[in-house]
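Encoded as structure tokens, the structure appears first; notes follow it.
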Amino acid sequence: MTAFHILIEQHGDEQQMQWRPTTLNEPGAGEVRLRQSAIGVNFIDTYHRSGLYPLTLPSSLGMEACGIVEAVGPEVSELKIGDRVAYAGGAVGAYTTHRIMPESKLVIVPDGIPDDLAAATLLRGMTAQYLLKQTFAVQAGQTILVHAAAGGVGQILCQWAQSLGVKVIGTVGSSKKQALAAQWCDWVLDYSSDDWVAAVRDLTQGLGVPVVYDGVGADTFLPSLDCLAPRGLMASFGNASGPVSSFNLGILAQKGSLYVTRPTLGHYTSTRAALLATAEDYFAALAAGLVKPDIGQRYALQDAAQAHRDLAARQTTGATVLMP
Ligand SMILES: NC(=O)c1ccc[n+]([C@@H]2O[C@H](COP(=O)([O-])OP(=O)(O)OC[C@H]3O[C@@H](n4cnc5c(N)ncnc54)[C@H](OP(=O)(O)O)[C@@H]3O)[C@@H](O)[C@H]2O)c1
């Protein structure tokens, strides 16, 4: 059958993203074919496009989507035609109308969770899950620092942390986002203008926070170390402002015997059991209203390049979805 997808033949800017037909084979052993109904846009898609995280080219883009199983291959044991499923990982290539996927990467979307919400937030929701409960298990009564608090991961992370009894200091890059993030942060600092390191120390009575969740990277990494309490953890999970370059390890001793980790979702969902447990915990939080992620932007799949421009220009809030 013929599907349509966004294809890049070279790494580069958004102009590399072309809308093209592609031929899909029948699903092989352990695979199913999906008719995709909604596709999530993540910051990592821009790294795949630009070549910060290189791909084997030509390639489509995208890590997550929701859809209906419309054909099953041999040796498929869990899924059947008509099942509504989502994925957030595996091979790159979600920006497409139809897709062959291994059943092992798919999770059933519970009734009551709309396709667009599942597609646009499963990756970020599972990221928030492992960051808050596995990388550093937050405890009620703690105060934490979350960068880019108005963004896709930021919104879910902050809402979920608050539901666990944690106080959240969030940072944002503009006054417009400050008002938004105030809905799910106890305090919001504008890192484009505030002396946010001093403010964090003031808000924690000079003690610092036990963990910083940082998806911004280059601009925030070093100053964030000054926000940590002794033996605190810097969870550096993204590069929105650019990757963190090498640094003197001795800084960690000077600033309080600190820990640093650079986690990624794939390593927290590498087994079927871990993927299901992480996804189910996120879907349960969604169903219980502990997290209420916004889809801040919607685009037609053909217009994915505009979604990338807006994400890079810091024009987006919450999650972004492409509709095939
Ligand atoms: N390791 C993992 O497992 C994992 C999983 C998912 C996402 N991530 C990472 O988490 C981060 C957030 O992902 P997301 O998809 O939810 O994106 P997002 O937070 O919705 O967007 C990124 C935000 O970063 C902030 N930012 C700061 N400096 C920036 C710059 N120079 N250029 C662009 N944005 C800048 C912007 O917010 P302000 O305007 O408020 O500054 C922007 O809106 C990304 O770095 C992503 O790669 C990591």
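The values are calculated or read from the model by the stated rules, or taken from the named source; none is laboratory data. If you're wondering where the values come from, they're calculated on a predicted model, not measured in any experiment. Glycine gets a Cβ as well: all are built from the backbone with ideal geometry, and neighbour counts include every protein chain shown. Keep in mind that these areas ignore ligands, DNA and RNA; they rest on the heavy atoms of the full protein, side chains included. Shrake-Rupley method; radii C 1.70, N 1.55, O 1.52, S 1.80 Å.
Need the full-extension length gain, residue 313 to residue 75, defined as separation in residues times 0.36 nm minus the C-alpha distance. One decimal, nm. Walk me through the numbers on the way to the answer.
Values: separation 238, 0.36 × 238 = 85.68 nm, distance 4.49 nm.
That pair, residue 313 and residue 75, stretches by 81.2 nm at full extension.
Over the chain, average the accessible area per residue using a 1.4 Å probe and give it in Å², no decimals.
Numbers: 13340 Å² over 324 residues.
That works out to 41 Å² for each residue.
Can you give the FRET efficiency to the nearest 0.05 for residue 303 and residue 56, using r as the Cβ-Cβ distance and R₀ = 30 Å? Please list the in-between numbers first.
Numbers: r = 25 Å, r/R0 = 0.85.
My answer for the efficiency is 0.75.
If segment 115-167 were replaced by its equivalent ellipsoid, with semi-axes equal to the square roots of 5 times the Cα gyration tensor eigenvalues, what would those be, largest first, whole Å?
Numbers: eigenvalues 79, 26, 17 Å².
Over the Cα atoms of segment 115-167, the semi-axes work out to 20, 11, 9 Å.
Let me check I have the definition right: for segment 140-262, take the eigenvalues of the Cα gyration tensor, multiply each by 5, take square roots. What are those semi-axes in whole Å, largest first? Working shown, then result.
On the way: eigenvalues 88, 53, 34 Å².
Ellipsoid semi-axes (Å, largest first): 21, 16, 13.
Please report how many Lys pairs in the chain have alpha carbons closer than 18 angstrom, counting only residues at least 8 apart along the chain or sitting on separate chains.
4
Per DSSP H run of at least 4 residues, take -39500 (n - 2.57); add these up for the chain, divide by its residues and hand me the 222 nm value, nearest 500 deg cm²/dmol.
Numbers: 10 runs with 90 residues, N = 324.
That calculation yields -8000 deg cm²/dmol at 222 nm.
Going through the DSSP H helices of the chain, which span 15 Å or more along their own axis at the Cα atoms while scoring at least 0.0 as a mean Kyte-Doolittle hydropathy? Walk me through the numbers before you get to the answer.
Numbers: long enough: 115-130 (22 Å, 0.15); 152-163 (17 Å, 0.32); 272-287 (22 Å, 0.83).
Helices meeting the span and hydropathy rule in the chain are 115-130, 152-163, 272-287.
Gain in length, residue 35 to residue 174, computed as 0.36 nm per residue apart minus the alpha-carbon separation, to one decimal in nm?
46.2 nm
How far is the Cα center of segment 262-289 from the Cα center of segment 207-224, in Å?
Distance between centres, Cα-based: 23 Å.
Once the convex hull of the alpha carbons of the chain is built, what does its volume come to per residue, in cubic angstrom?
On the way: hull volume 40.2 nm³, N = 324.
Spread over its residues, the Cα hull of the chain gives 124 Å³ apiece.
Could you work out which residue, out of 170, 208, 30, moves most in a Gaussian network model of the chain, that is, has the largest mean-square fluctuation with Cα springs under 10 Å?
Highest fluctuation of the listed residues: 30.
Assuming 0.36 nm per residue, please report the length gained on full extension of the stretch residue 104 to residue 14 beyond their Cα-Cα distance. Intermediate values should be presented prior to the final figure.
Numbers: separation 90, 0.36 × 90 = 32.40 nm, distance 3.14 nm.
Extending this stretch completely gives an extra 29.3 nm.
Calculate the length of the line joining the C-alpha centroid of segment 23-77 to that of segment 130-151, in whole Å.
Centre-to-centre distance over Cα atoms comes out at 30 Å.
Mind checking which of 37, 224, 241 has the largest fluctuation in a GNM of the chain, springs on alpha carbons under 10 Å?
Most flexible of the set in this elastic network: 241.
Per residue, how big is the convex hull of segment 76-190 when only Cα atoms are used? Give it in Å³.
Numbers: hull volume 16.2 nm³, N = 115.
Expressed per residue, the convex hull around the Cα atoms of segment 76-190 is 141 Å³.
In a GNM of the chain with a 10 Å cut-off on Cα contacts, which of 186, 195, 45 has the highest mean-square fluctuation?
195
If you roll a 1.4 Å probe over the chain with all protein chains in place, what percent of the accessible area is carbon or sulfur? Don't jump to the answer; show the numbers that get you there.
Values: 6870 of 13340 Å².
The value for the chain is 51 percent carbon and sulfur by accessible area.
Within a Cβ distance under 10 Å of residue 323, other residues only, what is the Lys/Arg minus Asp/Glu net charge?
-2
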